[in-house]
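Take a look at the structure set out below.
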Amino acid sequence: MTIEAKMTIAEILRQKPEAAKVLQEFGMHCIGCAVAAGESLEDAARVHDIDLQILLDALQSYDQQ
């Protein structure tokens with residue numbers, strides 16, 4: 001599965017629950033909150049001041065392990 005910037009956090013976690021570990025490592029500890037249901041990965045990265053490309057790379061690398 002390719003994780004894309006426009007996907008919601010909830011969508012990513014439904015398809016790849018193990019992505020929670022990576023998101024938490026980046027400081028996204030509220031992955032189960034109501035906002036995560038409709039917030040895109042891109043929006044979450046912006047809110048948390050995280051470089052989107054670095055986050056995407058980490059999620060893809062973890063996905064391939």
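In table form, for the structure just shown:
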quantity: Within the stretch 1-34, tally of residues that are in contact (Cβ under 8 Å) with a residue 12 or more places away in the chain and part of a helix (DSSP H, G or I); calculated: 10
quantity: Test for K16: is it over 9 Å from the mean Cα position of the chain (by Cα) and open to solvent by 60 Å² or more (accessible area, probe 1.4 Å); calculated: no
quantity: Qualifying positions in the stretch 45-54 - surrounded by fewer than 17 Cβ atoms within 10 Å (Cβ to Cβ) and either touching a residue at least 12 places away in the same chain (Cβ under 8 Å) or at negative phi (or both); calculated: R46, V47, H48, D51, L52, Q53, I54
quantity: Residue list for the stretch 23-55, restricted to those being modelled with pLDDT of 95 or more and among the β-branched types (V, I, T); calculated: I50, I54
quantity: Qualifying positions in the stretch 1-12 - modelled with pLDDT under 90 and either of a type outside the set (A, V, I, L, M) or buried (at least 18 other Cβ atoms within 10 Å of the Cβ) (or both); calculated: T2
quantity: Verdict on E42 being of a type outside the set (K, R), in a helix (DSSP H, G or I), open to solvent by less than 80 Å² (accessible area, probe 1.4 Å) and free of Cβ contacts under 8 Å to residues at least 12 places away in the same chain; calculated: no
quantity: Check on A37, open to solvent by less than 30 Å² (accessible area, probe 1.4 Å) and hydrophobic (A, V, I, L, M, F, W, C); calculated: no
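The values are calculated or read from the model by the stated rules, or taken from the named source; none is laboratory data. Please read all numbers here as calculations on a predicted model, not as lab measurements. A quick note on method: Cβ atoms are made from the backbone with ideal geometry, for glycine too, and the neighbour counts reach across all protein chains shown. Accessible surface areas use protein heavy atoms only, side chains included; no ligands, DNA or RNA. Shrake-Rupley method; radii C 1.70, N 1.55, O 1.52, S 1.80 Å.
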